[in-house]
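Comments concern the structure below.
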Amino acid sequence: MLLTAGLIKLRDLPDNVWNADTLFVLTKTGAAANQLAKIAESEDWGGEVHDEREETDRALGTGRQEYGLLSVWWDY
């Protein structure tokens, strides 16, 4: 399934189409990620703050950073 989704993106790229429904936002702090999550919620978007430090470090390929990570999605 994951491979198929990647190939669909490649298929549509020459037409300047990128069908994405999730945005990952890297913030300077976890508090900033929480503030953005509140805004996303007020706009009826889905939002999740990734506040597990080890998970965030793994996703970013770094360690011991104070960044915040938020994913936002929408359905249209």
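Throughout, read-outs are computed from the coordinates displayed, never taken from laboratory work. Quantities reported herein were computed from a predicted structural model and do not represent experimental measurements. We place every Cβ from the backbone using ideal geometry, glycine too, and count neighbours over all the protein chains shown.
Summary of packing: across the peptides 54-63, 29-38, the per-residue average of other C-beta atoms within 10 Å ranks them, highest first, as 29-38, 54-63.
Legend: ranking of residues L13, L23 from fewest to most surrounding C-beta atoms inside 10 Å; resulting order L13, L23. Per residue, the average separation of C-alpha pairs within less than 8 Å and at least 6 apart gives segment 21-73 a relative contact order of 55 percent.
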